[in-house]
1. Quick check on the range C:238-366: take the gyration tensor over C-alpha atoms, sort the square-rooted eigenvalues as a ≥ b ≥ c, and tell me if it's rounded (a/c under 1.5), prolate or oblate.
2. I need A:Asp66, C:Asp119, A:Asp162 ordered by Cβ neighbour count within 10 Å, fewest first.
3. With Cβ to Cβ distances under 13 Å as the rule, what net charge do the other residues near A:Leu163 carry (K, R +1; D, E -1)?
4. Report ³J(HN,Hα) in whole Hz for each residue of the range B:71-78, in order, from the Karplus equation J = 6.51 cos²θ - 1.76 cosθ + 1.60 where θ = phi - 60°; Gly and Pro get x.
5. Give me the base-10 log of I(q)/I(0) for chain C at each q in 0.11, 0.14 Å⁻¹, Debye formula, one uniform scatterer per Cα, rounded to two decimals.
6. So, in the range C:238-366, how many Lys pairs have Cα atoms under 15 Å apart, if the pair is 8 or more places apart or on different chains?
7. Using the 10 angstrom Cβ neighbour count as an exposure proxy, how do C:Met38, C:Met180 rank, fewest first?
8. So for chain A, averaging the separation of alpha carbon pairs under 8 Å that are six or more residues apart and normalising by length, what relative contact order in percent results?
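Just so it is clear, none of the values below were taken in a lab; they were calculated from the coordinates. Quantities reported herein were computed from a predicted structural model and do not represent experimental measurements. Note that we place each Cβ from the backbone using ideal geometry, even for glycine, and neighbour counts take in every protein chain shown.
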Amino acid sequence: MTRMVFSGFGGQGVLVLGEIVATIAMHKGKEVTWMPSYGPEMRGGTANCSVIVADTAIGSPIVQSDIDILCAMNGASVDKFLPRVKPGGLVLVNSTIVTQKVDRDDVEVLEINATDIAGQVGNLRVANMVMLAGFLKKTDLFTLDDITTVLKQRFAGARSQDLIPLNIRAIEIGMGE
Amino acid sequence: MPNPNNEATRRVVYEKSRGLTDTPLTYCPGCTHGTINKLIAETLVELDVLEKSIAIAPVGCSVLAYEFFNCDAIQAAHGRAPAVATGIKRAEPSKVVFTYQGDGDLASIGTAEIIHAAHRGENITVIFVNNAIYGMTGGQMAPTTLVDQKTSTSPFGRAEATTGKPILVSEMMATIPSATYIERVSAHDVPHITKTKRAIKKAFENQINGKGFSMVEVLAGCPVGWNLSPVDSMKFIAETMIPYFPLGVYKDEGVAV
Amino acid sequence: MKVLMKGNEAISEAAIQAGCTAFFGYPITPQNEIPEYMSAKMEKAGGVFIQAESEVGAINMVYGAAAAGVRTMTTSSSPGIALKQEGISYLCGANLPCVIANVARCGPGLGGILPGQSDYFQATRGGGNGDYYTPVYAPATVQEAWDMVFESFDIADKYRTPVQILLDGMLGQMMEPVEMKVHPRLNIDKPWATNGNADKRPRNTITSLSLFGEVLEAMNLQRFKVYEEIEKNETAVENTVKEGDTVAIVAYGAPSRIVRNAIDELRAEGINAALIRPITLWPYPYDTFQDLPKSVKHILVAELSMGQMVEDVRLGVNGKYPVHFYGRTGGVVFEPGEIANKVREIMGKPAKPLASGQKQMTDSNLKGGI
């Protein structure tokens, strides 16, 4: 079982990012749950979602503790969720926005300059997708091809087809860092 | 002098409309509900839509109207008839759907439902019977009760300072952009009853022709609730109600007049 | 192929697939995805969507559409469902079929938008005026929510009754893979419908009114005969308790999933706990509690409320076992460790620290102390 939290400012696309990871896992035959925070944090403030990927039926969809992978898009997310990451867990940090030191030595930390890279490809909104580079580098949950397949489904409308190569390029730059 | 028993000279000068069932009406003596029920029933027969009509009865004196109209009929919660009519009409758009509501039902507890049925431009017909009182429950004050009028909950007369002035429903409904036809008529004498019939017919024709929301407000008498004789209650409509609730077409074909 | 869907989306699409052609809604969190989905899809599916002026308006539109004989639905969340009670009572009084989903939040009053199970009484005890019940289904997964929509429309038509689907904000908002199986629908003639076909049959009338005592009593007795049939045929429960288990934990809906995690934790340390999950909340599976294995010593009820279903469990248990309760309210969701600690307490074992940092509730808290 892999317990994940995706967290950031509202508008950074953390809910969509979690949904993409959950969808990929579903296509690979896994049991998955995706649970958003929909409470008072929803408007304007921080947003986060819990994603669980497992081989057997999933009980509670809420990930409050024992986090295997934290994907933190802003500083507040690090403050809130870092203490809840399992020893040996993985912390992916958007280092363009997160300025503080990730203060734990019993977890693996990977900094990704996500918002900068998104700016390089000309669309700040793909910063969330750049974070997927961290999954590709540090986990064996899925491959770049898996991401492409899901993106093709999501952007099935003809008008947004050009978003797919843009997203893939952003992820590839993230991988190269 | 013609012999009434002679087949050759007998002719029918009047019979009950087949738009009404044989169920005896439950209205009080001198009440105008029976007249208005009859006008609707005749209209449905004349327009040849009786069998495809669905009546919505309110809560109030006409709560049993579903027993009187000789078509499919349903009884609605207090004030909700326009919402119920919306549900039926949207499910069966080719059928003729109408609500029959009093002033407590439409102008008090059901203001949201009537306003929003008009606001959506529902293609239904609403017959609004305004007798300025809650008749069924024992003559309590209605939103349309006149200033100084005595009722069982305004025993000293309706006090404007604390209960306001009577609500003018037709004038208000005419301001709703999606309403098609709004007219106020009266059922107190024969010429006015004839005009009422014409208005009701138009309101149903509008629906049949897909023109949208029509409401006919009919000023009606309640001798028991008003503590007046039937004759005096007709006079009350003519002399006291009509000056405050002016008769006429307030909106037609979506244009305020 | 499975599709990742929110509970709210699953309910919407399943309703369309089950032949619902008239949906009436009103915005309220956390069910907004349902009217949004219906506004986009219903017309294309040949049906009607109306955003009503109020929840009261919406349920009365349902009353009209149900009377016209079509499959119809409304959805809302707790305070909105409270507003619909007038209409639900009328629907029951007039024997009209429809489906009502309550994506529950916490209360009372405006309360909050976080998940709650404090609408149990409202859902299972009639909720409005008069002698009546409505069947209440409580899905625990998005797949189950999908499947229950089909069942709910069938049950509604079969017994001529409103059916409620009671979920909570957690299940409404969460996504899970759904096999979008279209279940065959029960096709039942509705010769009673007021649909303006009086040229082909005698005229129909629909009402909940009767001014004569004996007549109304006969109508009510007839309705309770139907309820007896529903109790006999439709009561559903998932009972995982086996010989050797000592603690049965009763929970329904999405929170029952949290209890499953607690049970895994307890069994790993040698405490044999098992889940009883009522699937229908009315009719309630009372008999389950009389037929438990001899090894069972305790019953624990876990709810996101101050204790509502616990009353039904006590009725079912009828003094046979001690019944314990653990609840959180106000939108606070218990974590598995809290349920496990409650069982440890019952078994005389020491508590373990809670992973989330949430504070364990005590019996004294739940009786009104802090």
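1. oblate
2. Numbers: A:Asp66 14, C:Asp119 25, A:Asp162 10.
The most exposed by this proxy come first: A:Asp162, A:Asp66, C:Asp119.
3. Its environment carries a net charge of +4.
4. 8, 4, 8, 9, 9, 10, 5, 4
5. Values returned for q = 0.11, 0.14 Å⁻¹ are -0.76, -1.16.
6. Close lysine pairs under the 15 Å cut-off: 7.
7. Ordered from fewest to most neighbouring Cβ atoms within 10 Å, C:Met38, C:Met180 come out as C:Met180, C:Met38.
8. 19 percent
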